[in-house]
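All remarks here apply to the structure that follows.
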Amino acid sequence: MIQQSVVIPMLKPGSMSLANFLDEVKAIGFPAVELWNREDDFEAIVEEARARDLRVVSMVGHEHVSPTEGSHAEGFSRRSHHDRLEAELRESIDIAAKYEIPGIITLSGHRNPQGSDYETLCICAEGLRRIVPYAEERGVNLNM
């Protein structure tokens, strides 16, 4: 049995309907799907997946695109992001708990040019410590 998941926005052809794509995912034998962002059709995607006995196992829990640095740039590597990330992750954790999504993807962000890798790692840990107790209380994993 396959124990992997399919990332919907990465693999779904633009010309294929979500329903047909999920039918194919199920036919291949995948037990689960993942999302990157919660778009307006989030609930519909969860319902369509569940209708096919597919689990939604993770989604990205916070905004991470920087207008100047690109994708994956904004994460816990900068203290200036911690307040926003904590708020966004709280909301995502609540949604994950409501829809029984076991994992939230969180990103470290780019390296911090003002500090060493070790200092940046410590800054990430500092920010994560703010949200980990809430995630544990709600039964949601933070996947970094």
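The numbers here are math on the coordinates, done by the rules we state, and not lab data. Not measured: the values here are computed from a predicted model. Counting neighbours? That spans all protein chains shown, and the Cβs are built from the backbone with ideal geometry, glycine included.
General remarks:
- Under the Debye formula (equal points on every Cα, no solvent term), log10 I(q)/I(0) of the chain at q = 0.18, 0.19 Å⁻¹: -1.02, -1.09
- Helical content of the chain, expressed as a calculated mean residue ellipticity at 222 nm, amounts to -14000 deg cm²/dmol (DSSP H runs of 4 or more residues, -39,500 (n - 2.57) each, divided by residue number, nearest 500).
- Here r is the Cβ-Cβ distance between Ala27 and Arg138 and R0 is 30 Å; the resulting FRET efficiency, rounded to 0.05, is 0.35.
- Going from the residue with the fewest nearby Cβ atoms within 10 Å to the one with the most, Ser116, Ser77 rank Ser116, Ser77.
- Across every direction, the projection of the convex hull enclosing the Cα atoms of region 63-144 has a mean area of 5.1 nm².
- 10 Å Cβ shell holding at most 12 others, DSSP loop, GluC sites (Glu not before Pro): longest site-free stretch of the chain: 70-144
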